[in-house]
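This report refers to the structure that appears directly beneath it.
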Amino acid sequence: MKRFVDILLPLLLGASLLGFWEWFVAARQIPPYVLPAPSAIARAFSDNFTSLMASLLATLSVTVQAFLAALVAGVSVAILFSQSRLAERALYPYAVILQVTPVVAIAPLMLIWIGFDRVNAALVLIAALVAFFPILSNTTLGLKSADFNLMELMRLYGASRWQILWRLQLPTALPYLLGACRIAGGLALIGAVVAEFVAGSGTATGLAWRIVEAGNRLEIATMFAALGLLAFLGVAIFALLSAVEFWLLRRWHESALARQS
């Protein structure tokens, strides 16, 4: 019953907001090029369904590739940091600099260096840079959070450094990594959208380019339809990663056990 209420309440609130939006636009006679009604957005979505779905798949492809690249790179560098204090001291400041530098500022350089003939590779790299740091920082923290006494006990019994990493440090870091993945999934989508905005050429096919194109044509309802698809995609990514986190932790970690009770 509680789960049913948790699902029903947000749906009722959303339906109420959409109804108020429809009434407000009609009552105030707001022009559709300023604020279209939900019914107009639904018509625009239906009329442009094929092209919007193609753009959605293009943005999703860039997002998934960027997330996977950030995941592999972030975990690999975090393991390096956990095994070498020297590497951490030398490289971590540069990772922080990369994180705090606005991606909008470096995206044009990435496009120039990689080349406009390989726009998709540039989009993936830009989006991966946005998603990289949360995975790196959280995984590094998780690897360092392994019980020191257990590590000493494993060393006492002759365990190698890689056995300690595989059997103790990585399981300890898993909840941290999965929490970072939920953040990084949304950041990869944001990075993909920003990269598509910066690319801004006829070769772009993602939802961001559709938003720019619709805005230039004053097709505001189509803009809202593309924005709605972006929001839906972000929620779907977050829900999928949350489900993966729950599935991996459900039998042994306190965070998942608490959700079951």
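Structure values in brief
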read-out: Axial C-alpha extent at least 24 Å, average Kyte-Doolittle at least 0.0 - helices from the chain (DSSP); value: 2-28, 49-83, 119-144, 170-199, 220-249
read-out: Rg/Rh ratio calculated on Cα atoms of the chain (Kirkwood radius); value: 1.07
read-out: Helix-only CD estimate at 222 nm, as mean residue ellipticity for the chain, using -39500 (n - 2.57) per DSSP H run (n ≥ 4); value: -28000 deg cm²/dmol
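The numbers here are math on the coordinates, done by the rules we state, and not lab data. Everything quoted here is computed from the prediction, not taken from an experiment.
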